[in-house]
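First the structure, in the form of structure tokens, and then the observations on it.
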């Protein structure tokens, strides 16, 4: 008889921070106490609060233990399970109130979320198809098969669901177009090539709730009239591939994939295709070429994949998070879906919260939530008492949201208005010590590397922009650079074939729009206001503070500092390489960085 | 898998196995598992309570453990706290008494008077 269940988070982040060995300790300790038959240990998908990992939740109490290590995992068994005493040291302490949270229901990071896409992640065992079924899994497929394909598409259209891969195209329209397109056979494709650095919601769903995607793809197959689906996942997600493959096997065994599904005449099956890690393969036409075994380069649209996709046949392609919404929409209806979110962007969105913020991880909130709620209420604010500066959304294809827009509801359209994009939902918080020119250069560097090379403006143009950005950060910026950057950026946007090139200049354009003063300071005053760009820094010694301890002179790798013991030291600016080692070693705060 | 009926059967069956993870709102039964409690047989009481709840098909009551309540003489002790009712602490809860508490108090709504050692003041 089972009296307790231990849910151990086996998401990617928790595994990296030692989940496997923690689980082994738990199992060992249970055996030592002879209670291995009374207490069940279950590995789940990602619970979202990745910086608190490894996480262990004890049911039925729901006690939430965080940052569990091999050393203290035994306490959960020996104290909590044997003696009935909560292990205080492993509870989460809320930073502002300093209260110990007993369950996840006491942690603001969780209480403010609305879990739909992630509803099963961290709750069920992803390897158990039965647990998925217990959470209403595959009932949506059963319901869809009793409806006509047109009715399925109508529910989806009425729900107002928009593509979660970034562009926000109405999903119902896409399904309708693919259903109406002439040509046979038709294909269903899932885009799991999550390439935006820092975003990992698709991986979490594939790892934590793989059956939801299988069910959604089968529903899509029925709706558009396809018998074959392809799941395209990047090779960097081995655990997602492993669990999805296992889930496909189970779904076949139970008859949710294969021939004559649920006693009807509907046939459908899914194969996995593994991407080799090119960012451009997240672009749908490039992804389709990659599935065909060709080089992943984009092609001109139209024809859209709905008309001529895989092997020139009508193909439906949606992102993982989009699919994850579908079974619930079929089960609960369009009205239910529209009950949260904004009018034009209904439903929820999963954000990967990262950067200079207290709580990092995956958060799912209604569309239209403000940045302030995301960063301060859920994210717990900026660490180290620093001020919020901006948030970067949409990764290398997006731009920034500044402090002025903290109270703007975030959805597809509002973000577009201020020059950034939703993208896949990466949200990187930047504090006041961030240099916006430097951050734009970083993202541009990413697209320079990832441009497939097909279009000259993207291949050469982004590189030229990058060289200019490098020059500006090195203190060699020239009058007219800002104008030249903007002009080139707009040419690249207008003349590139695919989304990668069309959005690559966004980080630069967006930072010029909101932080032109920082660009000007770099170019005209040769100063980096945030003290980040190394070549624009000057280190000097303040005579009134220097005690002549000689520490800096001894530390300086190029002997640029001279001075006698107990007398003021001086930095020779012609020799200084701006490494900052004097600044770090000085115990009297006598080095000025400006 | 050929029908929705079959799907429903799997759902019902698995929901029972996942029962511990569901929100249980109607009340809780707390078994004191201090050294004194365990020595006096709290483990047997705990398992008897879980077994009896299962038999009675009651899934909205949580069974949790706590440390010693300080009444070492009366161990094993069990507290029953149903929502909207004062909590009751029972003493000398062996297997038989544990099953009585579930049947009479949790299921029947009547306090098992002869086992009570303390009642919460309203």
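Derivation of every value follows stated rules applied to the coordinates shown; laboratory data play no part. Not measured: the values here are computed from a predicted model. We place every Cβ from the backbone using ideal geometry, glycine too, and count neighbours over all the protein chains shown.
Which of rounded, prolate or oblate describes the stretch A:36-143 when judged by the alpha-carbon gyration tensor and an a/c cut-off of 1.5?
Oblate, because a/c is 1.5 or more while a/b does not exceed b/c.
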Rg (one decimal) and Dmax (whole number) from the Cα set of the stretch A:436-524, in Å, equal 12.0, 36
Compute the acute angle (0 to 90°) between the alpha-carbon long axis of helix A:481-495 and the principal axis of greatest extent of the alpha-carbon atoms of chain A; round to the nearest 10°.
20 degrees
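How big is the convex hull of the Cα atoms of the stretch A:205-328, per residue, in Å³?
Details: hull volume 12.9 nm³, N = 124.
Normalising the Cα hull of the stretch A:205-328 by residue number yields 104 Å³.
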Within a 10 angstrom radius of each residue's Cβ in B:6-19, how many Cβ atoms of other chains show up on average? Whole number is fine.
6
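Just how many % of Cα pairs in the stretch A:195-259 lie over 12 Å apart, if you round to the nearest whole percent?
The proportion of pairs with Cα distances above 12 Å equals 70 percent.
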Average beta carbon contacts from partner chains per residue of A:2-8, 10 Å cutoff:
4
Let a ≥ b ≥ c be the square roots of the eigenvalues of the Cα gyration tensor of the protein assembly as shown; is it rounded (a/c under 1.5), or, if not, prolate (a/b larger than b/c) or oblate?
oblate
Any idea what angle helix B:42-55 forms with the longest principal axis of chain B, computed on alpha-carbon atoms, 0 to 90 degrees, nearest 10?
40 degrees
Evaluate E = 1/(1 + (r/R0)^6) for residue A:272 and residue A:495, where r is the Cβ-Cβ distance and R0 equals 35 Å; express this FRET efficiency to the nearest 0.05.
0.50
What's the average, rounded to a whole number, of partner chain beta-carbon atoms within 10 Å of each residue's beta-carbon in A:123-133?
4
Gap separating the Cα centres of the stretch A:393-422 and the stretch A:454-468, nearest whole Å:
25 Å
Among beta bridges assigned by DSSP with both residues in the stretch A:129-338, the antiparallel ones amount in percent, to the nearest 5, to 10 percent
Using helices alone, what [θ] at 222 nm do you get for the protein assembly as shown, with -39,500 (n - 2.57) per DSSP H run of 4 or more residues, divided over all residues and rounded to the nearest 500?
-10000 deg cm²/dmol
By the C-alpha gyration tensor axes a ≥ b ≥ c (rounded if a/c is under 1.5, else prolate when a/b exceeds b/c, else oblate), the shape of the stretch A:129-338 is rounded
Based on alpha-carbon centroids, what's the gap between the stretch A:71-142 and the stretch A:286-324 in Å, whole number please?
38 Å
Once label points are set 7 Å from the Cα along Cα→Cβ at both residue B:8 and residue A:103, what is their separation, rounded to one decimal in nm?
3.0 nm
So the angle from the long Cα axis of helix A:506-524 to the longest Cα principal axis of chain A, reported in degrees to the nearest 10, equals 0 degrees
What is the Cα centroid distance between the stretch A:201-230 and the stretch B:81-99, reported in whole angstrom?
48 Å
When only Cα pairs under 8 Å and 6 or more residues apart are kept, what is the percent relative contact order across the stretch A:484-536?
21 percent
Principal axis extents for the stretch A:348-431, Cα atoms only, whole Å, descending order, please.
33, 23, 22
